[in-house]
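Please treat every number below as a calculation from the coordinates, not as lab data. In this text the structure is predicted, and so the values were computed from the model without any measurement. Cβ: placed from backbone, ideal geometry, glycine included. Neighbour counts: every protein chain shown.
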Amino acid sequence: MIAELGQFALILAFVVALTQSVMTVIGLRTGDAAVHGFARAGAIAQFLLVLTAFGCLTALFAMSDFSALVVAENSHTDKPFIYKLTGVWGNHEGSMLLWGLILTAYTAALAWTVKPVEARLISLTFSVQSLITAAFVAFLLFTSNPFARLWPAPANGQDLNPLLQDPGLASHPPMLYAGYVGFSITFSFAVAALIEGRVDARWARIVRPWALAAWSFLTVGIALGAAWAYYELGWGGWWAWDPVENASLMPWLAGTAFIHSLRVMEKRDTLKAWTILLALVTFSLSLAGTFLVRSGVLTSVHAFAVDPARGVFILAILIGVTGGSLALYGMRASLLRPTGVFSEVSRESTLLINNLFIGAACALVFFGTFYPLFVTTVSDETITVGAPFYNATFNPMMGLLLILVPISGMLAWKRGKLKPVLRKLMPALVAALAAGVIALWIADRTRIAGALGTGLAVWIGLGVLIDLAQRVKLFDIELKASFARAVRLPLGIWGMAVAHFGLAITVFAITGVSAWKQETSGFLMPGQSLDIGGYTVQLDDVRRLEGANYIAEEGQFAISRGQRELGDLVAERRFYPVRQMSTTESAIRTRATGDLYVTIGEPSPERGWPVHLYIYPFAMWLWVGSGVLTLGGVLSIADRGRRSLKARKTAPAKASRDKVGTDTGATA
Amino acid sequence: MSRLFLFLPLVFFVVMALYFGLGLREDPSEIPSQLIDRELPEFDLPPIEGFETGLSNADLAGQVSLLNVFGSWCPPCAIEHPMLMQISRSGVVPVYGVDWKDPPGAGTAWLERNGNPYRRVGDDPDGRLAIDLGITGAPETFIVDRDGRVRYRHVGIITEEVWDGTLRPLVEHLQAEEGA
């Protein structure tokens, strides 16, 4: 009964979305003002319907109703309750339903928060958004129905893949999807702007919070994915340049370029066509990411199921969305004329360079991900592209870009002077060089990359601090006055500073983890020990214990450094009988200077337990850095620029209102 | 001219879409291998850390064998692993492994942790053999006959259905055919 209710809600959502999309366009053509209210109501209705469907699926999982196919394939009565719930999106159908839920949630959020400005643009945006929703719900209904029944119902289910029974899985996909799908809003706005043939600073101001929200979610999502790999896979790898990881990195890169060029458009009314193109590309890459994971075009570690029918459907959506919007772009982008001009040395120009570098880096990842597919298609050769390729191309590219970060933030808009900026940044440069030399000296001398990364991190971090100090005139005026200036700084500036500082932390952590990691291994009997990086790790005891749906073997380790006892660590190896799979629960001692990472393996009777030790320097700062990065994004969302939206409204708004004629209440 | 320039992204997308489409036509789980019914490429892989023997053509000669490409970095390999253990224990066919693109010691650690189903394992850190074999991703499995010719290629995880429905009957058929 519940499954049928869910299915019915989905069908209704499809009908509403399609109707709304078509009716809104017709309404706008005939100039019927009622259309705006209709578009908003429709958006909320879609959300409630998909939410109902999602609620139904959740209920099926919660009750372990194995007459539903998805539940039988992915759940089990013994599974802890929390993983029954997260199991809703631990499978293809459920995760696509989640995608749809977030899509409609964004549309509904837009309907709730929208101000009565630019009504035509916003109704058009709703129309585009609904079209995407309709396509996606159709994809669900026709190729991945989450409510398919299984008859006769089995007595118990096949359980969820144990690798996925982890808090990381509970939060990773929703965050990632919230990022991917968030860019649908900016995409729809861009398409609406192209249809209108007009885009300006107001457009940028309306779109900016959405772009930043999506970007922040995507950042968290990627970080959670990396954390899941680090903690759950049992070898401390956090990034492997796997196609699916790349699929999330590409929209992130494009989205990063987008939020930067959006700022230029908002401030200086230029880079218009470029910004619109980035909006289209970012969402297209998000869709392509979905396409990659779901269709099996690239065999990947994340693919839930390989089904060509689904691939064809998603390809059709991709052609409609990306192909359609890019065709529109080709026809209409020439209408978007910039008004602002800027010289070669200005913040605009550095942001443009930033965009080109990020664009190129994104293209590299794209190339690395798809080149193997390309080669397989045109010839019968098969090749793989891995970390060495990215280390040789992507890393230097990003390194060069990162050098620009502090300079760009300090240059003036329109026309800047490089010399004074460089003079102010001198201390950062000196500190960066010193940090690099120190890194070479105290750490591994053969790792030049370690020194370069450290120097770069110091350069960005100090550069950001110097920039802030300049803005509040620290030490030039009284401290109290500086503080008052700091409080008055727009949140957008704080957001930028915080995000760039987070970037510095992340760069440093990546450098530490990849350049200076250590590892060792050996077989241990209780009482024996291994040494790594000054630590002594002794295996005290091994015990067996039983979890809810697994059996575990638990190794207890005593950690010491010289004569000092540093406490105990417990590493586990779990065996899940239903799926006949083992997983490792590594023991990790986290300190600011690095993680000591211990795993225990399957014992051999004569030699004991294989134990692996790793030291990942500064690993914790990966998570801190991405957290700070995200915080920067969130701070900038809070800077809605609402004051300036009202203040500058009078002149341009009047002009546009006269032209559009339906922009009611804009002057309120 | 500059207006035509604006269509460049579209042109680029069309090319990509074409490749996506072509890529889709090939069901990745049934990629026909160039190697089917041909001899395995010549190889002589060194052992992985902590093991004494590597893997070469000679090891596979004279018997039907299962050659599995894996990596410690690959979650589906972890999913597939218990099945390989089961196959290995059943003794139906000897299982050989190629440790693909693993840093030194990672494959050993992985086998110690999860158990070792392989009779011999060869180390392929830069993916030389994997390229010769045309690997698209791990795990991937080949059934090799007594004369060292590849008879079947399976891309992805060996599930119970794949083993019982396809691989096992094939192995038994090959063993019977050649034994006769």
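List of remarks:
- Taking 37 °C and 0.692 mPa s as conditions, region A:169-409 diffuses translationally at an estimated 175 µm²/s according to Stokes-Einstein applied to its Kirkwood radius (Cα pairs).
- Share of pairwise Cα separations in the protein assembly as shown, more than 51 Å, in percent: 20 percent
- Within 10 Å of the Cβ of each residue in B:115-121, the mean number of Cβ atoms contributed by other protein chains is 1.
- Annotation for A:L429 and A:I26: the two label points, set 7 Å from Cα along the Cα-Cβ direction, are 6.6 nm apart.
- The base-10 log of I(q)/I(0) for region B:60-180, evaluated at q = 0.16, 0.20 Å⁻¹, reads -0.71, -1.12 [Debye formula, identical scatterers on Cα atoms, solvent excluded].
- Per residue, the convex hull spanned by the Cα atoms of region A:1-155 measures out at 93 cubic angstrom.
- Ordering B:V95, B:G71, B:L167 by the projection of their Cα atoms onto the charge dipole of chain B, which places +1 on the Cβ of Lys and Arg and -1 on the Cβ of Asp and Glu, puts B:G71 at the extreme positive end.
- Test item: A:323-335 mean partner chain Cβ contacts at 10 Å: 4
- Stokes-Einstein D in µm²/s, Kirkwood radius over Cα pairs - region A:216-281 at 37 °C with 0.692 mPa s viscosity: 245 µm²/s
- Among A:R347, A:R332, A:R447, A:R544, the order by Cβ neighbours within 10 angstrom, fewest to most, reads A:R544, A:R447, A:R332, A:R347.
- Cleavage-rule hits, chymotrypsin sites (Phe, Trp or Tyr not before Pro), region A:588-620, DSSP coil, Cβ neighbours within 10 Å at most 15: none
- Quotient of C-alpha Rg and 2.2 N^0.38 Å, computed over region A:518-620: 1.08
- Pairwise centroid distance, computed over Cα atoms, of region A:599-616 with region A:382-436, Å: 42 Å
- Distance in nm between pseudo-label sites at A:M331 and A:A155 (7 Å out along the Cβ direction from Cα): 6.3 nm
- Counting neighbouring beta carbons within 10 Å and listing from fewest to most, the residues B:M16, A:M63, A:M496 come out as A:M63, B:M16, A:M496.
- The 3J(HN,Hα) values that the Karplus relation (6.51, -1.76, 1.60; θ = phi - 60°) gives for region A:93-100 are, in residue order, 4, x, 6, 5, 5, 4, 3, x Hz. Gly and Pro appear as x.
- J(HN,Hα) series, region A:284-290, from Karplus relation 6.51 cos²θ - 1.76 cosθ + 1.60, nearest Hz, glycine and proline x: 4, 5, 4, 5, 4, x, 4
- Using θ = phi - 60° in the Karplus curve 6.51 cos²θ - 1.76 cosθ + 1.60, the 3J(HN,Hα) couplings for region B:155-170 round to 9, x, 6, 7, 8, 4, 5, 4, 5, 5, x, 10, 5, 4, x, 5 Hz; x is entered for Gly and Pro.
- Amide H contacts of A:Q528 (H built 1.01 Å from N, in plane; Pro and chain starts excluded): A:L539 sit under 5 Å, all sequence-distant by 5 or more or on other chains.
- Debye equation applied to the C-alpha atoms of region A:401-516, log10 I(q)/I(0) at 0.10, 0.14, 0.16, 0.20 Å⁻¹: -0.34, -0.63, -0.78, -1.06
- Per-residue Cβ neighbour rank within 10 angstrom, fewest leading, B:R120, A:R564: A:R564, B:R120
- Using C-alpha pairs below 8 Å separated by at least 6 residues, the relative contact order for chain A is 12 percent.
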